[in-house]
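Undergrad: Mind having a look at this structure? Questions to follow.
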Amino acid sequence: MTRVTRALDSDLMYSFRRTPGAMIAAALSCALILGAVLAPVIAPHDPFDPSGLSILDNFLPPAWDAAGDPRFLLGTEDQGRDLLSAMLYGLRVSLAVGFASVIFALILGVTLGLIAGYAGGWADNLIMRAADIQMTFPAILIALLLAGIFRGTAAHGASGAGPLALLVFSIGLSFWVQYARTVRGSVLIEANREYVLAARLIGISAPAILIRHILPNVMGPVLVIATINLALAIIIEATLSFLGVGVPPGSPSLGTLIRVGNDYLFSGEWWITLFPGAVLGVLALSVNLFGDWLRDALNPRLG
Amino acid sequence: MISFLLSRAVQAIATMLMVTLIAFVLFRYVGDPVNQMVGIETSLADRAKLREDLGLNDPMPVQYARFLVRAARFDFGTSYQQKESVAVLIGARLPATLELSLISVVFAIAAGVPLGVLAGLHPRSLAARAFMALSLLGVSLPTFLIGILLIFVFSVHLGWLPSFGRGQTVQIGGWSTGLLTASGWRSIILPAITLGLFQMTLIMRLVRAEIMEVLRTDYIKFARARGLPDRIVHFGHALRNTLIPVITVTGLQIGSIIAFSIITETVFQWPGMGLLFLQAVQNADVPVMAAYLMLIAALFVTINLAVDLLYMAVDPRIRIGRAAA
């Protein structure tokens, strides 16, 4: 088994070394993820410490501008927070929501896919018809409508983990279908293999067969979809936050920062929007490129 | 063939029933409709009477059926926020969204097809590679970011084009159009590019792939062997055969364009249905939200059904395959 994984790894590594685009994308993604994880350590200021904020420092341009302040490398935003620090913390929120949504969608989709594929019958019919219906609408529209409904119906101005959880729920629910379809297809093939028949013959229960025997054999394509979905989840989160139905302003994500900065674009404070926008663009692009490469390298059939 | 038709129709109806049910639950159980309609000094007896008159005490299936009948007549109730009929509000915003979507589709086709042909005929040329790289950027970047960048460059920096609103509009019957004034046209350029960019890259990549595919076929070789000039081979023979998938994809994208206009309309403060929906969300204006939800769902279901029917008309394999199954 270890030999097999090692061989797979080396194939993958070979393809990786031969693809400069994938290497650059991976390096950029890793750098951004590292920056987000280490935000409390490397951020020059703590943007959420009110005692460290001075409203007199607001709207300072980047340090290289004549009016800039060397304390704030990329300038400050409307409340006098250091933009670089706010962006690092924002990146944290964006990535956290992105990862959480993908994991939620993955668990939901894989579970439903396993059930649909293995149980068949009316359960399969119900799940797959629901998937068909959802496939009619684009993911971002479903997330937007769900987040909008939650936002419109929940208490206004609620803070804490509630809005974030609802956001993860909205985004995750918008793309479980892909996982369910892929897993169901694989399960239909695997369920008739000899090892599954043998497991059934010695009396192992259906859930145990699904989780311990079938699941490991259908996870490959699922992980590829998850990587590609991560970029999409980050984009959806940023879009919802920009529209004001995403992350609450108390813990700004990149999208929230762009939303705030957008109000000041015309009064000349371009940096508040454009720097978070650039980070978001680089993040989405690099995760996308890395996912594309992974898909081609691991499973050309998925195309 | 009939079973295929039936299954599609059943699916469309199921989708609409599900969406209307969600809209109904929203409409009926989120916030109290009576509280939204009366003032604080209304007596409890008056409230109870109003509740009875509105039929809010009837069994739920009866209420849902009534809701469906009303929705089918475009009676979506009264906006909590603006105290006006939701149908009138949406009707007033409809032209803005439809005009924006139309110009976006025109832009996507007018720019996407020639660029795709160029990239397909000369895949190794510098221009083709540059456009492919740019299209990757267009696919990866979120729509709202592209809108902000366009505003920054063309409105803030260069000052060429307006960044918000529709400009001057002309009223023709019940339809307010911005396409008859110069300021209306100037206003629509940036939002239409923002909204249509994704579809443009999609069309461009599709045309490029199709052209490269078609150029390898025998009938192109024969056309060349007959000594036809390149121009006729490329545009008369190759391009014409790529257009069927392009038309299909574009048709399928119309729903997306209208849905995605929520984002573009917010960036550019374009007074369309998307902006209305987003404002309704921010004000918890449930009747507007419910109506928009049903409208968008109806749009998508209709488009998908139409595409399925068209496929069936065009492609005999679907008819035969389904009939045999």
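Derivation of every value follows stated rules applied to the coordinates shown; laboratory data play no part. These numbers were taken from a predicted model, which means no experiment stands behind them. Glycine also receives a Cβ, built like all others from the backbone with ideal geometry; neighbour counts cover every protein chain displayed.
Undergrad: May I ask which residue of A:Ile103, A:Pro249, A:Ala191 lies farthest towards the positive end of the charge dipole of the protein assembly as shown, with charges of +1 (Lys, Arg) and -1 (Asp, Glu) on Cβ and the Cα centre as origin?
TA: Checked the options; the winner is A:Ala191.
Undergrad: Also, I was wondering about something else. Using the alpha-carbon centroid of each, what span in Å lies between the stretch B:1-29 and the stretch A:12-35?
TA: 45 Å
Undergrad: Contact order normalised by length for the stretch B:162-317, with contacts defined as Cα pairs under 8 Å and 6 or more residues apart; what percent is it?
TA: On the way: 119 pairs, mean separation 32.0, N = 156.
This gives 21 percent for the stretch B:162-317.
Undergrad: Using alpha carbons only, how many angstrom separate the centre of the stretch B:204-220 from the centre of the stretch A:222-241?
TA: 32 Å
Undergrad: Could you list which residues have their amide H under 5 Å from that of B:Thr78, counting only those 5 or more apart in sequence or on another chain, with H placed in the peptide plane?
TA: Here B:Val86 satisfy the definition.
Undergrad: Here's something else I'd like to know. What is the helix-to-structure angle for B:86-121, meaning the angle in degrees between its Cα long axis and the longest Cα principal axis of chain B, kept from 0 to 90 and rounded to the nearest 10?
TA: So the helix axis and the longest Cα principal axis differ by about 10 degrees.
Undergrad: Relative contact order for chain B: what percent, with Cα pairs under 8 Å and sequence separation of 6 or more? Show your work: numbers first, answer last.
TA: On the way: 354 pairs, mean separation 91.7, N = 325.
Result for chain B is 28 percent.
Undergrad: Helix B:2-29 against the longest principal axis of chain B: what's the angle in degrees, Cα atoms only, rounded to the nearest 10?
TA: Helix B:2-29 and the main axis of chain B meet at about 40 degrees.
Undergrad: How big is the gap, in Å, between the Cα center of the stretch B:138-200 and the Cα center of the stretch B:32-105?
TA: Computed from Cα coordinates, the inter-centre distance equals 32 Å.
Undergrad: Please state the charge dipole magnitude for chain B, taken about the Cα centre, from unit charges on C-beta atoms (+1 on K and R, -1 on D and E), reported in debye and rounded to the nearest 20. Provide the component values of the computation, followed by the final result.
TA: Working: 25 positive and 17 negative charges, 263 e Å.
Here the size comes out at about 1260 debye.
Undergrad: Quick one: A:Trp271, B:Trp160, fewest Cβ neighbours within 10 Å first, how do they rank? Walk me through the numbers before you get to the answer.
TA: Values: A:Trp271 21, B:Trp160 11.
Listing A:Trp271, B:Trp160 from fewest to most nearby Cβ atoms yields B:Trp160, A:Trp271.
Undergrad: So who's got an amide H within less than 5 Å of the one on A:Thr76, skipping anything under 5 residues away but keeping other chains? H placed 1.01 Å off N, in plane.
TA: For A:Thr76, the qualifying residues are A:Phe59, A:Leu60, A:Leu83.
Undergrad: Long-range amide H contacts for A:Val247: which residues qualify at under 5 Å (H placed 1.01 Å from N, peptide plane, sequence gap of 5 or more or a different chain)?
TA: So A:Val247 has HN proximity to A:Ser241.
Undergrad: Starting from the stretch B:31-126, pick out the trypsin sites (Lys or Arg not before Pro) whose DSSP state is loop and whose Cβ has at most 12 other Cβ atoms within 10 Å.
TA: Working: sites: B:Arg47, B:Lys49, B:Arg51, B:Arg66, B:Arg70, B:Arg73, B:Lys83, B:Arg93, B:Arg124; in loops: B:Arg73, B:Lys83, B:Arg124.
Counting only loop positions with at most 12 other Cβ atoms within 10 Å, the trypsin sites (Lys or Arg not before Pro) in the stretch B:31-126 are B:Arg73, B:Lys83, B:Arg124.
Undergrad: Using each residue's phi in the stretch A:12-18, evaluate 6.51 cos²θ - 1.76 cosθ + 1.60 at θ = phi - 60° and report the 3J(HN,Hα) Karplus result to the nearest Hz, with x for Gly and Pro.
TA: Computed from phi, the couplings for the stretch A:12-18 are 4, 5, 4, 4, 4, 5, 7 Hz.
Undergrad: Rounded to the nearest 10 degrees, what's the angle between the helix B:126-140 long axis and the longest principal axis of chain B, both from Cα atoms, 0 to 90?
TA: With rounding to tens, the tilt is 20 degrees.
Undergrad: Counting only C-alpha contacts under 8 Å and six or more residues apart, can you give the relative contact order of the stretch A:75-234 as a whole percent? Intermediate values should be presented prior to the final figure.
TA: Values: 136 pairs, mean separation 58.1, N = 160.
Reported as a whole number, the value is 36 percent.
Undergrad: For the protein assembly as shown, what is the mean residue ellipticity at 222 nm derived from helices alone (per DSSP H run of n ≥ 4: -39500 (n - 2.57); sum divided by total residues; nearest 500 deg cm²/dmol)? Write down the numbers at each step before the final one.
TA: Numbers: 25 runs with 440 residues, N = 628.
Taken over the protein assembly as shown, the calculation gives -23500 deg cm²/dmol.
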